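Worksheet: one structure, shown below.
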Amino acid sequence: MAFAQSKVDFEMMTWPEVKQAIEQGRTTALIYNGGTEQRGPQNVNGGHTLMGHATVIAIAEKLGNAIAAPVMPFSVNNANPQLPGTIGLTGPLFAALNEQVAEQMIKNGFKNVVLMGDHGGGQKELGEVAKKLDEKYSVQGIRVIFCDEVYQKANSDFDKWLESNHFPLSSHAGIPDTSEMIYLGGDKGWVRNELVAAAVGDPMRKPGEQRDPNAKRINNGIQGDARPSTAALGQRLFDLKVDEAVDQIHRLLANTKPGTK
């Protein structure tokens, strides 16, 4: 059986292929953090990691000079016996793990390291690790940066688009998560497609809106209404993540000269 050779996926490359890629200019390492977390009854627990892998590969391909490190499968989070789908790490352990992996990629010969995450928990730690390592290595001409827009800006922009197009409010396991997982893996078992039509959870409120005392708590892991989720919406969010990440990485690496902090 023949396997397609990957030019950007570190774990699917041999060491001579990695060495040759670096020598040919692929000197940026992308460290993407996924997560193992309950995503409602309709989405598999590994959603963050599965989406993260597809996202980071697409970012690496679009950058043209990058290789994607193996996606980290855990985030800053905590298990819950009522919704047993989460395996989390503490903030300090998550930070230490990313710091060591980043330094390992530098030892492998990469000149730029980009830290990213698909989960809200851990964003602060990634920023702190990037700042610490950039200060340590920039004098050697090596950059370590934090690409937050792949998460914060892309999701915010998508939420604004959903609101302007009159979609119902949702967040965790809602329209964004479910749609992206349908787009990327709806035919791969990532989503229980037959459950999407009933994927409504705890009601959400707009900022400043008073809580409805009569609103029933469902507690199924979904925040808001995921029922309108589609592959087309998922592609819109996925493309936003890739485009905004590539744009920010270009800006961060171009705008700050090594050793000028």
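What to note about this one:
- Counting 0.36 nm for each residue step from E11 to Q235 and taking away their Cα separation leaves a gain of 78.1 nm.
- Its Cα centre serving as origin, the range 98-220 has a Cβ charge dipole (Lys and Arg +1, Asp and Glu -1) of approximately 180 debye.
- Calculated from the structure at hand, Rg and Dmax of the Cα atoms in Å is found among (1) 18.0, 56; (2) 19.4, 75; (3) 19.2, 63 as (3).
- Taking Cβ atoms as reference points and 12 Å as the exclusive limit, the residues near K124 contribute a net charge of -2, counting Lys and Arg as +1 and Asp and Glu as -1.
- Cα-Cα over 20 Å, subset of K62/K188; K7/K188; K111/K153; K111/K132; K62/K241; K111/K131: K62/K188; K7/K188; K111/K153
- Across the chain, the mean sequence separation of Cα contacts (distance under 8 Å, 6 or more residues apart), normalised by length, yields a relative contact order of 20 percent.
- Inter-probe distance in nm under a simple model that places probes 7 Å from Cα toward Cβ, at N80 and V18: 3.7
- Ordering M12, M72, M181 by the number of other Cβ atoms within 10 Å of each residue's own Cβ, fewest first, gives M12, M72, M181.
- For V8, V139, order by how many other beta-carbon atoms lie within 10 Å, fewest first: V139, V8
- Among E180, E244, E194, E125, a tally of other beta-carbon atoms within 10 Å of each Cβ gives an order, fewest to most, of E194, E244, E125, E180.
Read-outs throughout are calculated quantities, based only on the coordinates presented, and are distinct from any laboratory measurement. Everything numeric in this text was worked out from a predicted model, so none of it was measured. Positions of Cβ are generated from backbone atoms using ideal geometry, with glycine treated the same way; all protein chains shown enter the neighbour counts.
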